[in-house]
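Peer 1: Before I ask anything, here is the structure I am working with.
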Amino acid sequence: MRSGGMEQRNRLSATRIPIDSIVFGYGPMLPLVAAGVGAWVLPPGWGMLAIRLAIVWGALILSFIGGVRRGFGFATPRASTAVEIVAAVGYVTIAGLALLVPYATTALALLAVGYALAALLDRRAALAGNAPAHFARLRPPQLLLGCAGLAAAWTWLMSG
């Protein structure tokens, strides 16, 4: 069992993250970080607009992440279809709920949990062959960056 863990670590360290995954992975997290910072530094009234935009953007991106997972399952015969479907449905459901709930604090909390969950599950899926191998290194810092922006926005709401 111990050699399996060593093999996973070697595979993980050898997996290069493609430039387009870096750009299109971290790029969409920047508006969430900007919204979290904006809520704290923008003039009165603008903070809530930043929050609302973060909720919409965060839900769109989480749904997209679900689609990426499902698309990998379609394109890769060795991937577990059941795992891909459950992940995709879970991410899209969380995103949809965040758009439907009446309170911004609840929406932000749902999205933050969704991003943290995707960071964990996409890494595990990559290590198991159910997501692109580079997701094991990309997803945790990428999605936790978005989660930090959502958490900053949530904290601003709770402080007011």
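The values are calculated or read from the model by the stated rules, or taken from the named source; none is laboratory data. Keep in mind that this is a model prediction, so the values were computed, not measured. Counting neighbours? That spans all protein chains shown, and the Cβs are built from the backbone with ideal geometry, glycine included.
Peer 1: Which is modelled with pLDDT of 95 or more and over 10 Å from the mean Cα position of the chain (by Cα), of TYR103, TYR115, TYR91?
Peer 2: Details: TYR115 fails: over 10 Å from the mean Cα position of the chain (by Cα); TYR91 fails: over 10 Å from the mean Cα position of the chain (by Cα).
The match here is TYR103.
Peer 1: If you go through segment 9-31, how many residues are of a type in the set (Ser, Thr, Tyr) and at pLDDT 80 or above?
Peer 2: Within segment 9-31, the first condition is being of a type in the set (Ser, Thr, Tyr), and the residues that meet it are 13, 15, 21, 26.
Imposing the further condition that a residue be at pLDDT 80 or above reduces the set to 21, 26.
Within segment 9-31, residues that are of a type in the set (Ser, Thr, Tyr) and at pLDDT 80 or above number 2.
Peer 1: May I ask you to list the residues in segment 120-160 that are touching a helix residue (DSSP H, G or I) at 6+ places or on another chain (Cβ under 7 Å) and outside any helix (DSSP H, G or I)?
Peer 2: ASN130, ALA131, PRO132, ALA133, HIS134
Peer 1: For the structure I just gave you, tell me whether TYR103 is of a type in the set (Ser, Thr, Tyr) and buried (at least 17 other Cβ atoms within 10 Å of the Cβ).
Peer 2: Values: of a type in the set (Ser, Thr, Tyr): yes; buried (at least 17 other Cβ atoms within 10 Å of the Cβ): no.
In short, no.
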